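Asks: Pasting in a structure now, in structure tokens, and then I'll have a few things to ask.
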């Protein structure tokens, strides 16, 4: 695994975003929360420069420590507004790093995020947009501007939350359907790669953004 592995870069971006949001978060012990975020950041640097194959990185004690800390911090966030949802997204991403590393070496940035197939169980018109509730084994609210994507079993890219007015979208529809419900494997993600151009663009733009 190279230091510029997309999973590491996204985790670093996540830490940056959590720090940016920290003053907006309702957490019981702010100083301890901040100290643990710094602990995660330091441990991530050790992982980043391990120069081990991704499958071996997945077994590192430092990565387990990162995952455990992120899992604990998620439980401290006491709000479901945009700041809370965004911080929870990034902490969950960091928590899932061991599983993401088990994907092995990756070449495309969309291989660094999670995808789920789920059934659209309801939809509501929002001006020129649609708010859909998707059952992936858990519920996701996803906003789309395409009515063609508002029914059936759809693939959703689990991306950083985006706000549309007062509504938060927790993912983005991919123009693809799936036979099963639940998380896609990296092999299944690669099979739909031709439909992931927009996901790729969003993630690249995210990494290139400042602040």
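The values are calculated or read from the model by the stated rules, or taken from the named source; none is laboratory data. Fair warning: this is a prediction, and the values are worked out from it, not measured in the lab. When we count neighbours, we look across all protein chains shown, and the Cβ atoms used for this are built from the backbone with ideal geometry, even at glycine.
Asks: Suppose we filter the stretch 139-152 for residues that are within 17 Å of residue 180 (Cα to Cα) and modelled with pLDDT of 95 or more; how many remain?
Replies: The number of residues fulfilling the criteria is 2.
Asks: Just checking: which of the strands (runs of 3 or more DSSP E) contained wholly in the stretch 69-173 hold 2 or more residues that are more than 30 Å from residue 55 (Cα to Cα)?
Replies: By residue number, 115-126, 129-135, 139-144, 162-164, 167-169.
Asks: Right, here's the next one. What residue, of 65, 13, is at pLDDT 95 or above, more than 17 Å from residue 161 (Cβ to Cβ) and not in a loop (DSSP other than H, G, I, E, B)?
Replies: 65
Asks: Can I ask one more? Residue 69: surrounded by 14 or more Cβ atoms within 10 Å (Cβ to Cβ), closer than 30 Å to residue 149 by Cα and either touching a residue at least 40 places away in the same chain (Cβ under 8 Å) or in contact with a helix residue (DSSP H, G or I) (Cβ under 8 Å, 6 or more places away or on another chain) (or both), yes or no?
Replies: Judged against the criteria, residue 69 is not a match.
Asks: Further, regarding this structure: Of the residues 15, 37, which is under 20 Å from residue 84 (Cβ atoms) and either free of Cβ contacts under 8 Å to residues at least 40 places away in the same chain or in contact with a strand residue (DSSP E or B) (Cβ under 9 Å, 6 or more places away or on another chain) (or both)? It would help to see each step written out before you state the result.
Replies: Values: 15 fails: either free of Cβ contacts under 8 Å to residues at least 40 places away in the same chain or in contact with a strand residue (DSSP E or B) (Cβ under 9 Å, 6 or more places away or on another chain) (or both).
The conditions single out 37.
Asks: Could you tell me which numbered condition residue 20 fails, if it satisfies all but one of (1) over 25 Å from residue 58 (Cα atoms); (2) assigned to a helix (DSSP H, G or I); (3) touching a helix residue (DSSP H, G or I) at 6+ places or on another chain (Cβ under 6 Å)?
Replies: (3)
Asks: Pull up the stretch 157-172, narrow it to residues that are surrounded by 15 or more Cβ atoms within 10 Å (Cβ to Cβ) and in contact (Cβ under 8 Å) with a residue 40 or more places away in the chain, then point me to the one that is nearest to residue 15 (Cα to Cα). Write out each step before concluding.
Replies: We begin by selecting, within the stretch 157-172, every residue surrounded by 15 or more Cβ atoms within 10 Å (Cβ to Cβ); these are 157-162, 168-172.
The next check asks that each one be in contact (Cβ under 8 Å) with a residue 40 or more places away in the chain; those that pass are 157-161, 168, 170-171.
On the way: 157: 20, 158: 17, 159: 15, 160: 13, 161: 15, 168: 21, 170: 18, 171: 20 Å.
Across the stretch 157-172, the extreme among qualifying residues is 160.
So that you can scan it fast, the table gives a plain yes or no per residue for (1) modelled with pLDDT under 95; (2) under 27 Å from residue 12 (Cβ atoms); (3) not in a loop (DSSP other than H, G, I, E, B):
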| position | (1), (2), (3) |
| --- | --- |
| 179 | yes, no, no |
| 187 | no, yes, yes |
| 190 | no, yes, yes |
| 194 | no, no, yes |
| 205 | no, yes, yes |
